[in-house]
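The values are calculated or read from the model by the stated rules, or taken from the named source; none is laboratory data. Here the structure is a predicted model, which is why all the values come from computation and not from measurement. Here the Cβ positions follow ideal geometry from the backbone for every residue, glycine too, while neighbour counts run over all protein chains shown. The protein model used for the area step is the full one, side chains on, heavy atoms only, and it has no ligands, DNA or RNA in it. Shrake-Rupley method; radii C 1.70, N 1.55, O 1.52, S 1.80 Å.
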Amino acid sequence: MEERKACWGARDEFWHCLDSHAEDAAKCEKLRLSFESLCPQQWVSSISPRRDFLKYKKKLETEGFHPPEAAGKS
């Protein structure tokens, strides 16, 4: 249970850093390494894509869906 808390805490710190430094993710390198070392590799590989999905979902909810101009054109 303590390992899970440490993993989630490291994940939250890393994600917060990425949100704060979106233009320069290199500033979050130490937190990424901490996240990857505190969490099982299987979790890391499934948690990271989830962040992208949650950001995309939030964008859809706030901005709505706007298909690309070229969609459906041949």
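Shown for the range 1-61: lysine pairs separated by 8 or more places, or found on different chains, whose C-alpha atoms are under 26 Å apart, numbering 10.
May I ask you to compute the full-extension gain from Met1 to His66, defined as 0.36 nm times their residue separation minus their alpha-carbon distance, rounded to one decimal in nm? Walk me through the numbers on the way to the answer.
Details: separation 65, 0.36 × 65 = 23.40 nm, distance 4.22 nm.
Going from the current span to full extension adds 19.2 nm.
Applying both filters, DSSP loop and at most 16 other Cβ atoms within 10 Å, to the GluC sites (Glu not before Pro) of the range 1-56 gives Glu23. Scaling the Cα radius of gyration of the range 1-61 by the globular reference 2.2 N^0.38 Å produces a ratio of 1.13. Of Leu18, Ser46, Phe35, which is farthest along the charge dipole of the range 1-61 in the positive direction, counting Lys and Arg as +1 and Asp and Glu as -1 at C-beta? Going by the Cα projections, it comes out as Ser46.
Look at the alpha carbon pairs under 8 Å that are at least 6 residues apart: their mean separation over the length of the chain gives a relative contact order of 28 percent.
Quantify, in whole percent, the carbon and sulfur part of the accessible surface of the range 1-61 (1.4 Å probe; protein heavy atoms only). Intermediate values should be presented prior to the final figure.
Numbers: 2600 of 4710 Å².
So the carbon and sulfur contribution to the accessible surface is 55 percent.
Entry comment: accessible area of the range 1-61 is 77 Å² per residue, from protein heavy atoms only and a probe of 1.4 Å. The charge dipole of the range 1-61, taken about its Cα centre with unit charges on the Cβ atoms of Lys, Arg (+1), Asp and Glu (-1) only, comes to about 240 debye.
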